[in-house]
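Read through the structure below, which is laid out as structure tokens, and then see the notes.
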Amino acid sequence: MTEYDQPPTDKRPHQYKFPMVSVAADVACFTVHPEDGLMVALARRSWDSDAFAGYWALPGGFLQAKLDRTIADCAHRELLEETGVQASHLELVDVFSDIARDPRPERVLSVAFLAIIPDHSLTLAPIPETDVTVARWFAYERAIALDLAFDHRQIIEAARTRLAGKIGFGAREHDEPELLFAFLPDRFPIARAEQVVSDIKGTRPERANFRKWIGRYVRQTEQTEPARTRHAHLYERMPMGLPQASKTPAPMSVVHDLARTHGMAELALFTDGMRGAPSAAVAFLEQVLARYADHPSYSIKVTRVPDLRINERHTGRVLLTLTWQVRNQVFACTALASKSSLERGDFDELKAWNGKPHQSAFRLAAGLDDLPRVVIALGEGLAVLERRMSSRPTRTNRIQK
């Protein structure tokens, strides 16, 4: 401190040679709504404010010298006072110090933060006797279209840019996706994580690549939740620092090698659900791929369900569908072959199935002993197709009739 910066000894202890600058913290607080996408919290300034009275603005306020230990503490305090919520994640965005950013006589610079609230249904409610009247969530595009106080539109846009850049997928794909998990509950379906990335970045990621990427950081639990067509498995984040080798068991790497050999990038959708599966189940899947991925009569396809389907190669008709059940540690299957035609194969829990065109359902206990049953199911399915094709009248027969 120079002699010019020393406070005088008279009754004005805070008078300095150069005018002092006021410091404020402003918080761009985000959440992601399943239907409305990326949203930001705004507070309406009171009508007796000395700047931008009645305008919508970011939660924020001045650093209090004797109350706030750090500027981050100030941001947390102001967010709580003006919205009634506490952020699960807070980080610095930038400092905004343009001389014209605040119309009041004193110079005010803002230290801007971004905050994240994972619960999109959380209601915002300012603490009574603050300098705002109401707070609410706004869809991002709606928020930046408003006539906002100060330079808060610029702060929101800068915070969103930082947020999108730090999600990881599509940019730095080997970074831990910290901010993505800040938007998610402890357990979540993969589709929810995909939606968060889509809403933040503004573009939907390619599903198979996204599942492969996030699969490095999450593991499937035994819990599910209702989805549009079926129950979706819930995932949780793996402990940070878990060795990569333990995330992908060695037997599964053989399956992935086979998938790459046969150009089956979509197989990652299926194997994501088999993390932690018994080695016998992985070995069974390996044998199925090795035998049928490049077969003259059959082909393999993975759907977004995800399930694995073995089709008749030329017509594309589905002969057998396999879905891995985490809870039961078995493959649940449906087949085009009828229940009666499969009884000789000693299938577990064999029953008739009315999910046309498939006629039977059963379970495979996920071992190499089940491979002969796959052979039977496919052979009987081909026989069904052949009977159906032979019973159809040819074009010449239709003309004669």
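Taken together, the values in this text are just the output of simple stated rules run on the coordinates, not laboratory data. Small disclaimer: the values here were computed from a predicted structure and weren't measured. Positions of Cβ are backbone-derived with ideal geometry, glycine not excepted, and every protein chain shown enters the neighbour counts.
Inter-label distance, R136 to S391: 6.2 nm, where each label sits 7 Å from its Cα along the C-beta direction.
Label segment 22-165 by shape, choosing from rounded, prolate and oblate, from the square roots a ≥ b ≥ c of the eigenvalues of the Cα gyration tensor; if a/c is under 1.5 it is rounded, and otherwise prolate applies when a/b is larger than b/c, oblate when it is not. Since a/c stays below 1.5, the shape of segment 22-165 is classed as rounded. Calculated FRET efficiency, V305 to A53, Cβ-Cβ distance, R0 = 56 Å: about 0.55 to the nearest 0.05. Sorting E157, E312 by the number of Cβ atoms found within 10 Å of their own Cβ, with the fewest placed first, yields E157, E312.
The Q64 and M238 beta-carbon pair, evaluated with R₀ = 51 Å, returns a calculated FRET efficiency of approximately 0.80. With contacts taken as Cα pairs under 8 Å and at least 6 residues apart, the chain reaches a relative contact order of 10 percent. In the chain, a dipole from Cβ-located charges (positive for Lys and Arg, negative for Asp and Glu) runs towards its positive end, and of V40, A72, Q195 it is Q195 whose Cα lies farthest in that direction.
The Cα center of segment 197-214 and the Cα center of segment 284-300 differ in position by 29 Å. In order along segment 218-225, phi translates into HN-Hα couplings of 10, 9, 7, 9, 8, 7, 9, 9 Hz, rounded to whole numbers, per the Karplus curve 6.51 cos²θ - 1.76 cosθ + 1.60 with θ = phi - 60° and x for Gly and Pro. Remark on V134: its backbone amide H falls under 5 Å from those of R44, a criterion applied only to residues 5 or more positions apart or on other chains, H modelled at 1.01 Å from N.
With both residues required to sit in segment 22-165, DSSP beta bridges show an antiparallel share near 70%. Put +1 on the Cβ of each Lys and Arg and -1 on the Cβ of each Asp and Glu in the chain; which of A51, M389, Y298 then has its Cα farthest toward the positive end of the dipole? About the Cα centre, the residue reaching furthest to the positive side is M389. Applied to segment 321-327, the Karplus parametrisation 6.51 cos²θ - 1.76 cosθ + 1.60 on θ = phi - 60° returns per-residue 3J(HN,Hα) values of 10, 10, 10, 7, 9, 5, 4 Hz, with x for Gly and Pro.
Positive end of the dipole of the chain (Cβ unit charges, origin at the Cα centre): among T261, A149, L90, the Cα lying farthest that way belongs to T261. Distances between placed amide hydrogens fall under 5 Å for A232 paired with E225, A227, all partners being 5 or more residues away or on another chain. Here the dipole of the chain is about 2480 debye; that uses its Cα centre as origin and unit charges on the Cβ of Lys and Arg (positive) and Asp and Glu (negative).
Ranked by Cβ crowding within 10 angstrom, fewest neighbours first, how are I99, I200, I71 ordered?
I99, I71, I200
Applying the Karplus relation 6.51 cos²θ - 1.76 cosθ + 1.60 with θ = phi - 60° to segment 85-101 yields 3J(HN,Hα) values of 10, 10, 7, 7, 8, 9, 8, 5, 9, 5, 10, 10, 9, 4, 5, 9, 6 Hz, where x marks Gly and Pro. Over the chain, the pair-distance histogram of Cα-Cα distances with 10 Å bins from zero comes to 4, 18, 21, 16, 13, 11, 8, 5, 2, 1, 0, 0 percent, rounded to whole numbers. If only the Cβ of Lys and Arg carry +1 and only the Cβ of Asp and Glu carry -1, the dipole of segment 286-372 around its Cα centre is close to 420 debye. Entry note, the chain: the mean residue ellipticity at 222 nm calculated from DSSP H runs of n ≥ 4, each adding -39500 (n - 2.57), is -9000 deg cm²/dmol after division by the residues and rounding to the nearest 500. Residue order for W47, W353, W324, fewest other beta carbons within 10 angstrom first, comes to W47, W353, W324.
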